[in-house]
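The block underneath contains the structure these notes are about, expressed in structure tokens.
The values are calculated or read from the model by the stated rules, or taken from the named source; none is laboratory data. In this text the structure is predicted, and so the values were computed from the model without any measurement. Quick reminder, even Gly has a Cβ in these numbers, built from the backbone with ideal geometry, and neighbours come from all protein chains shown. To get the accessible areas, we keep the full protein, side chains included, count just its heavy atoms, and leave off ligands, DNA and RNA. Shrake-Rupley method; radii C 1.70, N 1.55, O 1.52, S 1.80 Å.
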Amino acid sequence: MLTAERRQFILEILRRDKKVLSTELSAVLKVSEDTIRRDLRELAETGLLQRVHGGALLKSPATASYADRQKQAPKEKEAIARTAAKLVCTGQVVILDGGTTTLQVTRHLPLDLHATVITNSPPIAVALAEHPHIEVVMLGGQLYKKALVNVGTVTIETLRMIRADLCMLGVCSLHPEVGISVPNLDEAHVKRAMIAGSAEVVGLVTAEKLDTAAPYLVESIHALTYLVTAPTVSNNMLSAYKALGLTIIRDEHE
């Protein structure tokens with residue numbers, strides 16, 4: 001088998017099984033594990049997978065720009081946002097993480113809702129500026145332009161002073177074994193601080209982000225109180241998460 005054919009085969013197995021193991025690929029393809037590791041390394045360098053110890057996982061789709069991500073799965077994000085907004089109650093202090101799905105949540109918060117929203121996302125702060133009863137706290141820091149969120153020491157230190165009732169977490173990648181991961185180290189630190197300062201954490205996850213991984217770990221699956229996803233996501237895709245005891249919310253009436 002030619003190198004290109006072998007690598008195409010690896011990608012096909014990865015798409016089918018959501019992960020590949022070097023030992024298994026070596027046996028099936030009858031090549032050394034060194035050859036497989038080289039294949040995985042070069043496929044990772046071209047952005048086609050995420051290497052992990054012993055093999056590889058699907059790569060997170062969250063590496064695209066904010067503008068491009070706004071165009072991805074709009075109906076799915078709308079359904080998730082509508083469902084997630086129902087979890088916010090009057091009187092709560094809510095952390096809204098940055099992201100295109102969390103931005104959609106702001107559009108479904110009732111106009112009679114009295115709450116405080118803390119966010120590191122300028123687009124979210126602007127979206128809530130006209131809400132009559134929501135107090136908006138904008139977290140400072142350095143603007144990470146690709147994701148349009150503030151990150152850094154200032155952001156994290158402020159979060160350490162907050163005890164929120166609820167955190168709506170924008171999830172870049174979610175995997176039952178790896179947990180929550182992101183493409184940027186500074187974002188990982190901020191998301192971890194958001195989780196640590198919240199009584200309940202809601203992960204907003206589109207289908208394309210399930211069973212994927214990114215380079216920087218935020219927390220394990222068990223950091224999430226709820227996983228909110230779209231009704232179009234199959235039970236089969238969610239079975240591993242349910243097996244871990246995660247509460248999954250889908251509005252079946254969407």
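With only Lys, Arg, Asp and Glu charged, each at its Cβ (+1 for the first two, -1 for the last two), find how big the charge dipole of segment 103-254 is about the Cα centre; round to the nearest 20 debye. Before the final figure, lay out each step's value.
Details: 10 positive and 15 negative charges, 66 e Å.
Dipole about the Cα centre, nearest 20: 320 debye.
Using a 1.4 angstrom probe on heavy atoms only, work out the carbon and sulfur share of the accessible area of segment 152-254 in %.
On the way: 2170 of 4290 Å².
Here carbon and sulfur together make up 51 percent of the probe-accessible area.
Taking the chain as a Gaussian network, Cα atoms linked when under 10 Å apart, which of L227, L25, L204 shows the biggest mean-square fluctuation?
Result: L25 has the largest fluctuation of those listed.
Picking from T155, T46, T23, which is most flexible by a Gaussian network model of the chain using Cα springs under 10 Å?
Residue with maximal mean-square fluctuation among T155, T46, T23: T46.
Using a Cα-Cα cut-off of under 28 Å, which lysines could be cross-linked to K146, ignoring same-chain neighbours fewer than 8 residues away?
Leaving aside lysines fewer than 8 places away in the same chain, those within reach of K146 are K18, K19, K59, K71, K75, K77, K191, K209.
Scan the chain and report its longest stretch carrying no trypsin sites (Lys or Arg not before Pro) that are both in a DSSP loop and have at most 11 other Cβ atoms within 10 Å. Could the numbers behind the result be given before it?
On the way: sites that count: K30, K71, K145, R160, R163.
Looking at the chain, 164-254 is the longest stretch - no exposed trypsin sites (Lys or Arg not before Pro) with at most 11 other Cβ atoms within 10 Å.
Express in whole angstrom the spacing between the alpha-carbon centres of segment 151-173 and segment 86-143.
So the two Cα centres are separated by 13 Å.
Give the percent of DSSP beta bridges with both residues in the chain that are antiparallel, rounded to the nearest 5. Could the numbers behind the result be given before it?
On the way: 15 of 42 bridges.
Counting DSSP beta bridges with both partners in the chain, the antiparallel share is about 35 percent.
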